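Below: one structure, written as structure tokens.
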Amino acid sequence: MTWRSRLLSPSGIAAAVGVLLFLFVAIAGGSIFLAAAETSNVPARLLPPSLEHPFGTDDLGRDIFARVLVAARVSLLLTLGATAVSTVGGIAYGLIAVILPRHVRRLATGLLDILLAFPWLLMVLFFTVIWGASATSAMFAIGISGIPFMARLVYNLASSVSGRDYVRAARVVGVGPFGILVRHILPNIANPLFVNAAATASVTLLSFAGLSFLGLGVQAPEYDWGRLLQDGITRIYVNPLAAIGPGIAVVLAGLVFTFVSEALADTRGGGRGAVARRALGAVSPTRRARGAVASRAGAAPGEPIAEIADLRVAFATADGGEVERVRGVSVRIQPGEVVGIVGESGSGKSLTAMALAGLLGPDARIDTSTHRFDGIDMTRPLTAADRSTLGVELGMVFQDPLTSLNPALTIGRQLTEVPEVHLKMSRGAARAHATAALEAVGIADAARRLGQYPHQFSGGMRQRAMIGQALTGRPKLIIADEPTTALDVTVQRQVMGVLRRAQRDTGAAIVFISHDIALVSAFCDRVLVMKDGIVVEELDAERIREDATHPYSRALLACLPDMTSDRTRPLPVIPPEVAASALAEEVGV
Amino acid sequence: MTATPPPAVADMAGAPTAALAVRAEGRARGPQLSPRAAFLLRRIGRLLVSLVVVVVASFFLVHLVPGDPVRAALGIQASPELVAATRTELGLDKPIPVQFLDYVTNLLRGDFGDSIRTGRPVAETIGQRFPATVTLGVLSFLVALLAAVPIGIGAAVALQRPGRKLADALISGTLGMLIAVPGFLLAVGLIALFAVQLRWLPAAGWGSPQDAVLPILALALGPLAYLARIVQVEMSGVLGATYMTTARAKRLPGRLVYLRHALPNIITASLTVSGLLLSGMIAGTVLIETIFAIPGMGGVMVPAVGAKDYPIVQGLVIVYALIILGVNLIVDLILVTVDPRSSITEG
Amino acid sequence: MNALEIDRLSVRYGRATVVDDVSLVVPAGRTLGLVGESGSGKSTIAAAVVGLVTPASGAVRVGGVMASGHGAAARAARRRLQLVFQDPFSALDPRMTIGDSIAEALRASGKTFSRDARVDRVRELLSLVHLDPDRAGDTPAAFSGGQRQRVTIARALAGEPSVLIADEVTSALDVSVQGAILNLLRELQERFGLSMLFISHNLAVVRYISDEIAVMRHGRIVESGPTEQLLAAPTEAYTLDLLDAVPVLGVRMTTE
């Protein structure tokens, strides 16, 4: 994010305006309003709010509004002082803890965690008793109470950075610990640190107001917003604004600090918006059917089990435009056939598969002329019967089974859902069914395994369980998206075996997506090569090398190192005019 | 193959002390101890250490004061005889290790000493005031928790639909405002509106249910908004996870997808934050009790701090600490039971 | 004289032995491929050899000079080894320009550079890896994955190493980009007479670039030997398993 874009964002503008305003009040307000704030004028005491006295007057006739403005300087200075104490102390503690040897470090962080368990207010009161109630002691009390939080934050940030590869690289070339601290750790933690320092300032300001409100902060005859609040609340029935006025000032100042903090942040919205936005297959509840379709005929013999024609998938870009990631793809899957989709980054292969399954989220703008699965028209809203059919006949296997299986539910719970909900089996029958499915995929001791959680399975077993999950229905199509990419090659072979057996036993068709051309050609009957959102060629798997005619396919096959590549010569490279646009700048150099 | 971009350079979360579940595979202490039992033992161990730290700190409270603590408490006018007598009474003339021992043995017997100002036993005062504080704290916590979770979930779900920019702005705006205003300011505002202007509810007192409405609102609204925001973020994250796509692929009915698949995954984060919030709310009771004149522990704490009435402050610090540590332990216990992955955590 | 000798190296993490009594030799000017699956310990060997991890026992020698242990001589010997990391996204400090990242590594060569000399050397290194020298002032975010990998290679070369250790350098890249990187490594090796320890789980890639291969499993060397020989006639069951499991283009895979 550039400084300009940050300044011009909503929080940036609010922050800038707020900061300027408060700076003005703090610097100039003292002189301008001092007289009105401090001169007693007893005949004018306890007046209600008016144009002349926006917040009324206090019991000595002093204008409360003026007092609020004059108090700004004290409040803000004390806040900044306390924040500085917290920040400096926190940085020192946190950075030292990172450098410490292992056992001392655990003591240091253990102490931090213990301190963090206690709310700041109690710590502040603790220190106040020791040092007595005054403005400076309150400042130090609040400042020191804020150190554990900052220290933990700094420690977490610095730890995470020091584990990164670029820090290890620096150590390998001989950069010493101090060099690493200064050159690598500090620049990379600076931004989150500033953001949190500003947020801490906001909290500190509120804490100060609270403390003075209790009479334990700024002492008479000095006054800050907290003390004005304390004065005001005794008269709240007579003149509510006497209390609300200072309250508003406190809230506004706190908000300005928060805006500054948000404006400084590198990541927008602290990740909140980003998280919500990144969901590609985001869940939206399947819409209820409008008008049930009479009866389900299913696909007629000779018809493909699934097909999609002229598929286009587009996404909105950050600046309001649209980018098309799939640009006119047609796929037809015959019952029982194994089709592979191969492509590099940006080819659109996963999107195509997800679109075929009808699982793209509301983020995606989808356009097709035809989209059918087993006789169901997928371009129309689905009936309950349609949904059941899909749930039973379409199975999905994703790349990372640790995230594609729900970590909070047992394997058994997840594998009995389709039989219970769609096949209307009883709990007992569903469990038996699930056990059989696990056995079919080669998981020993299946009945006991039903009660375990995904994290208790190894990677290969989890993928088997995913395939087993597809088998608990009556699958006619299984879509596997990079199912073995995260697995070792020997485990991959076993899982592919399971997949093949499943296909033979159920007669289901398989759509297999991968970047690994050799794997796809070794497993599938037919291979679709995708590049930049279109299918460039369809090839028979066993004759893939001989039959390829499209320049991209040929180039892709040529540059693939395999067990027969010529070791004496450089590997062929894809010429830039043929390369996928996402990778064009890479190759040909 | 697509290379995934790196995680954002360091997140901004401070680390709560409550157990953060780390998905490690089998690093149990020893063959006999189940991972959960080991975890519980570690937690209890930390609780005991924390308690020791608090007791020690509380003891040294008196001795850290610059100058003469007794004279400071009794005031400048107090006669030297009174000061000396009070010193002896408080046992301040004995060597420090002996004093500490006396202190701890007294604590274990339930004797927290006597207030310097009133002379009444601290334990008695605390005992009288304990119920009001706990009632206020627990009720406020329940209100916050029971309201925040549905709100957070609802907000996350609402953001999934098109036309969500407006909803997003409204929701985060409201929540943001509530989070920005601290409890005591909310209290002032609520009093001004409901007690002064509308005269619907009383501004002070503690006897009938009406008296409780404003204090609970003031104490609960901020944490409620904070928790709702956290639940919303967690829920959004969950909704975008691959296992939700798997659930959708199974074409399960919408309600089942949310209740069975999404909900369990936000419990850990929500519980962890709730634990933190409860600790914060206990502290908040100090301010709220002062404002609404509620006969709880906070009402005694503040004057005691101002007047340097050490025995009361010491006693209260320990009691507050006990409550907070107890709450944290309960949250950890629930977490361990509820979250299947939390069998191993950082020590 | 061997460029790199690893002599009965063992590394422990806590109570687990991750590398168990491993001995390897990289002859001068040649490439030794280290292949193994996850958990085999191959990356740990790389870390131990350059000094990021302390071995429990064993020795490392670079050009005959002891490189494991303490002392200035050992440190200097370790500088003759340079590591190229796997993930091009995390291997470069996102807040430093690539020129600065490369310049930081110049100290490993043992020479001092004036400011101008440093700038020149960085430009030189960038053109060696076929990147535009004028882009030295850009941050890593401006480059693609393959280009960043080239930057990390340039950084490794800045130390003027005698042995290059490449740890899974192509695993995070698309197929079409892998070839370019492998070609680059070959070219640099021939040009500078570098020896290389090439670590990967991808048997086809290791076969292409290595003169000799060692197979690792569970922290131990299962089998080793010249590339053609090993792959044509492996003696260990695990090696056979590994070879069988690699899918071959256009050949129906046997899964049982």
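Tally Lys and Arg at +1 and Asp and Glu at -1 over the other residues with C-beta under 9 Å from the C-beta of C:L52: what net charge comes out?
+2
Report, to the nearest 10°, how far helix A:384-393 tilts away from the longest principal axis of the Cα atoms in chain A, using its own Cα long axis and a range of 0 to 90°.
Value to nearest ten degrees: 70.
Percent of Cα-Cα pairs per 10 Å bin, from 0 to the last occupied bin, for chain A, please list those.
Result returned by the calculation: 3, 12, 17, 16, 15, 14, 11, 8, 3, 1, 0.
Please work out the C-alpha center-to-center distance from segment B:115-155 to segment A:332-402 and express it in whole Å.
Taking the Cα centre of segment A:332-402 as reference, the centre of segment B:115-155 is 54 Å away.
Extension gain A:A582-A:R45, at 0.36 nm per residue separation less the Cα-Cα distance, in nm?
Gain in length upon complete extension: 185.9 nm.
Please report the spacing between the Cα centers of segment A:130-145 and segment B:246-296 in Å, no decimals.
Distance between centres, Cα-based: 33 Å.
Add -39500 (n - 2.57) for each DSSP H run of 4 or more in the protein assembly as shown, then divide by its residues: what number comes out at 222 nm, to the nearest 500 deg cm²/dmol?
-17000 deg cm²/dmol
Need one word for the protein assembly as shown: rounded, prolate or oblate. Basis is the Cα gyration tensor (sqrt eigenvalues a ≥ b ≥ c); a/c below 1.5 gives rounded, then a/b vs b/c decides.
prolate
Taking chain B as the reference, fit the longest principal axis to its C-alpha atoms, fit the long axis of helix B:297-307 to the helix C-alpha atoms, and give the angle between the two in degrees, 0 to 90, nearest 10.
Approximately 50 degrees, to the nearest ten.
At what distance in angstrom do the alpha carbon centres of segment A:188-212 and segment A:503-570 lie from each other?
Value for the Cα centre distance between the two parts: 57 Å.
Could you put A:L423, C:L240, C:L173, B:L190 in order, starting from the residue whose Cβ has the fewest other Cβ atoms within 10 Å?
Fewest to most other Cβ atoms nearby, the residues stand as C:L240, A:L423, B:L190, C:L173.
Kindly put A:T370, C:T254, B:T272 in sequence by how many other C-beta atoms sit within 10 Å of each C-beta, fewest to most.
C:T254, A:T370, B:T272
Tilt of helix A:459-471 relative to the longest C-alpha principal axis of chain A, in degrees (0 to 90, nearest 10)?
Compared with the principal axis, the helix lies near 70 degrees.
Straight-line reach only, C-alpha to C-alpha below 20 angstrom: list the aspartates and glutamates that A:K424 could link to, leaving out same-chain residues fewer than 8 apart.
Those aspartates and glutamates meeting the cut-off are A:D386, A:E393.
Specify whether the C-alpha gyration tensor of chain C places it in the rounded, prolate or oblate class, a ≥ b ≥ c being the square roots of the eigenvalues: rounded for a/c under 1.5, otherwise prolate if a/b is larger than b/c and oblate if not.
oblate
Taking the Kirkwood radius as the inverse of the mean 1/r across Cα pairs, report the Rg/Rh of segment B:115-254.
That ratio is 1.15, to two decimals.
Provide A:L214, A:L80 in ascending order of the number of other Cβ atoms located within 10 Å of each residue's Cβ, fewest first.
Values: A:L214 26, A:L80 14.
Ranked by crowding around the Cβ, least crowded first: A:L80, A:L214.
What aspartates and glutamates does B:K94 reach when the alpha-carbon gap must be under 14 Å and sequence neighbours fewer than 8 apart in one chain are set aside?
In chain and number order, the partners are B:D102.
If the reach is capped at under 22 angstrom between alpha carbons, list the lysines near A:K349, excluding any in the same chain fewer than eight residues apart.
Within reach: A:K476, A:K531, B:K250.
Loop by DSSP (not H, G, I, E, B), at most 15 other beta-carbon atoms within 10 Å: where is the longest site-free stretch of chain A for GluC sites (Glu not before Pro)? If you can, show how the numbers build up before the last one.
On the way: sites that count: A:E52, A:E222, A:E577, A:E585.
Result, exposed sites excluded: A:223-576.
Each value in this text was obtained by applying a stated rule to the coordinates, not by laboratory testing. The structure presented is a predicted model; accordingly, all values stated were derived computationally and were not measured. Please note: Cβ atoms are built from the backbone with ideal geometry, for glycine as well, and neighbour counts cover all protein chains shown.
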